[in-house]
Amino acid sequence: MITILLLLSAGIVLGLLIISYPRLHVINNNLLNWAIYLLLFLLGISVGTNQEVIRNLGKIGLEAIAIASLSIAGSVLLSYFLFKRLFFKHEK
Amino acid sequence: MKSSLIIFGFFVAGVFAGLSGKLPAGFDFDKLGSYALYLLMLLAGISIGSDKNSWSVLASHNYKIIWVPVTIVTGTMMGSALAALLLPSLTLRETLAVGAGFGYYSLSSVFITQLHSHSLGVVALLSNIFREVATLLLTPILVRYFGNLAGIASGGATAMDTTLPVITRYSGKSYAVIAVFSGIVLTILVPFLVTFILTV
């Protein structure tokens, strides 16, 4: 998986090199969108051909909602304490 | 919101293509997937690196602002860990990896699919889309009861783009910079953190 992180880092460096060529940014963002579409289409195919995932789609949906709700609850609660500490203190 | 519909549309089209059973039998879709992921990582890197706005927001602010994404990472990981206790079918590592998408569903789902499994990839896709949609719907209420950082916290990585309008509307314009900063940090963190959680 080191390949992935190396490619990401190489991309960031390449991005810095083309920072003042806005036309290349547009091309890059279009390619990026199509790469995402392709990968999600492929993810869809693997789901559609995977009987086990199809059978458990309801359960998978519930798991997804549970993780998302608890993640939101955890970060919102902690952000409340940060907000009171960091942003109210020096306004007094 | 429009882009999430398009992305979800491609996913659904893929599901039906798979269900139809009319796909070429010998074709190795998984291999195509890994190459597409490599390409995606390079392109995502270029898009992060070439974003002038990101670098200036990152550079030009009070150091205290870093506590916002740190808090969101900590809170998200605590919530995802709790989810592992409630969901016997998933391990702690799995729920943490899904949570580490911070709402960035496109990247985190393809990532988790390649690094772990298709079924967890689907959990990540749905869970992180849900995080974005819930932020769009709940930010007015969350801000009212939990302060001006609540929408930014709930939005996670999406606070820099898709959920920014609703955050700015209910927390005020002065919070837009914090939202963008926090969203950028979390967006950059997603691939690193997901890889770390699934491979360590």
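The values are calculated or read from the model by the stated rules, or taken from the named source; none is laboratory data. Values in this document were obtained by computation on a predicted structure and should not be read as measured data. Note that each Cβ is placed from the backbone with ideal geometry, even for glycine, and that neighbours are counted across all protein chains shown. Remember, those area values only see protein heavy atoms, side chains included, never the ligands or the DNA or RNA. Shrake-Rupley method; radii C 1.70, N 1.55, O 1.52, S 1.80 Å.
Mind checking whether some residue in region B:113-125 is without any contact (Cβ under 8 Å) to a residue 40 or more places away in the chain and over 20 Å from B:Phe192 (Cα atoms)? Scanning region B:113-125, I find at least one residue that is without any contact (Cβ under 8 Å) to a residue 40 or more places away in the chain and over 20 Å from B:Phe192 (Cα atoms), so the answer is yes. Against the criterion of being closer than 25 Å to A:Leu16 by Cβ and in contact (Cβ under 8 Å) with a residue 12 or more places away in the chain, B:Ile66 qualifies.
Scanning region B:77-98 for residues that are polar (S, T, N, Q) and crowded, with 24+ Cβ neighbours inside 10 Å returns B:Ser80, B:Thr95.
You will find that of B:Gly101, B:Gly156, the residue that is open to solvent by less than 40 Å² (accessible area, probe 1.4 Å) and part of a loop (DSSP other than H, G, I, E, B) is B:Gly101 and no other. Among residues of region B:150-174 that are of a type in the set (S, T, N, Q), those with a Cβ under 6 angstrom from a residue that is in a loop (DSSP other than H, G, I, E, B), sequence gap 6+ or separate chain, pair up as B:Thr158/B:Gly103; B:Ser171/B:Asn148. A count restricted to region B:71-89 and to residues that are touching an Asp or Glu at 6+ places or on another chain (Cβ under 9 Å) and touching a residue at least 24 places away in the same chain (Cβ under 8 Å) stands at 0. Evaluated against (1) in contact (Cβ under 8 Å) with a residue 40 or more places away in the chain; (2) closer than 27 Å to B:Val180 by Cβ; (3) surrounded by fewer than 24 Cβ atoms within 10 Å (Cβ to Cβ), B:Ser108 falls short on exactly one condition, (3). Scanning region B:26-41 for residues that are more than 7 Å from chain A (Cβ to nearest Cβ) and either in a helix (DSSP H, G or I) or crowded, with 17+ Cβ neighbours inside 10 Å (or both) yields B:Asp30, B:Lys31, B:Ser34, B:Tyr35. Where residues in region B:183-197 are farther than 20 Å from B:Tyr63 by Cα and β-branched (Val, Ile, Thr), which of them is most open to solvent (accessible area, probe 1.4 Å)? Checked region B:183-197; the qualifying residue most open to solvent (accessible area, probe 1.4 Å) is B:Ile197. Just checking, how many residues over region B:161-182 are touching a Leu at 6+ places or on another chain (Cβ under 8 Å) and of a type outside the set (Gly, Ala, Ser)? Residues that pass the stated criteria total 7. Among the residues in region B:130-147, are any open to solvent by less than 40 Å² (accessible area, probe 1.4 Å), farther than 30 Å from B:Gly45 by Cβ, out of contact with any Asp or Glu (no Cβ under 8 Å at 6 or more places or on another chain) and not in a helix (DSSP H, G or I)? So far as region B:130-147 goes, yes, one or more of its residues are open to solvent by less than 40 Å² (accessible area, probe 1.4 Å), farther than 30 Å from B:Gly45 by Cβ, out of contact with any Asp or Glu (no Cβ under 8 Å at 6 or more places or on another chain) and not in a helix (DSSP H, G or I).
If I filter region B:111-138 down to residues being more than 10 Å from every other protein chain (Cβ to nearest Cβ) and more than 30 Å from B:Asp30 (Cα to Cα), which single residue comes out as nearest to the chain's Cα centre (by Cα)? Once the filter is applied, the top-ranked residue is B:Leu136.
What do you reckon, is B:Trp55 among the aromatic types (Phe, Trp, Tyr), at pLDDT below 80 and either part of a helix (DSSP H, G or I) or surrounded by 15 or more Cβ atoms within 10 Å (Cβ to Cβ) (or both)? The answer is yes for B:Trp55. Residue pairs whose Cβ atoms lie under 6 Å apart, separated by 6 or more positions or on different chains, with the first residue in region B:1-12 and modelled with pLDDT under 85 and the second among the hydroxyl-bearing types (Ser, Thr, Tyr) and surrounded by 14 or more Cβ atoms within 10 Å (Cβ to Cβ), are B:Ile7/B:Ser106. When the helices (runs of 4 or more DSSP H) confined to chain A are screened for residues that are among the hydroxyl-bearing types (Ser, Thr, Tyr) and surrounded by 15 or more Cβ atoms within 10 Å (Cβ to Cβ), those reaching at least 2 such residues are found at A:22-48, A:57-82. Across region A:34-80, the number of residues qualifying as more than 7 Å from chain B (Cβ to nearest Cβ) and modelled with pLDDT of 95 or more comes to 2. Here B:Val180, B:Val166 are screened, and the one residue that is open to solvent by 10 Å² or more (accessible area, probe 1.4 Å), within 17 Å of the chain's Cα centre (by Cα) and under 22 Å from A:Lys84 (Cα atoms) is B:Val180.
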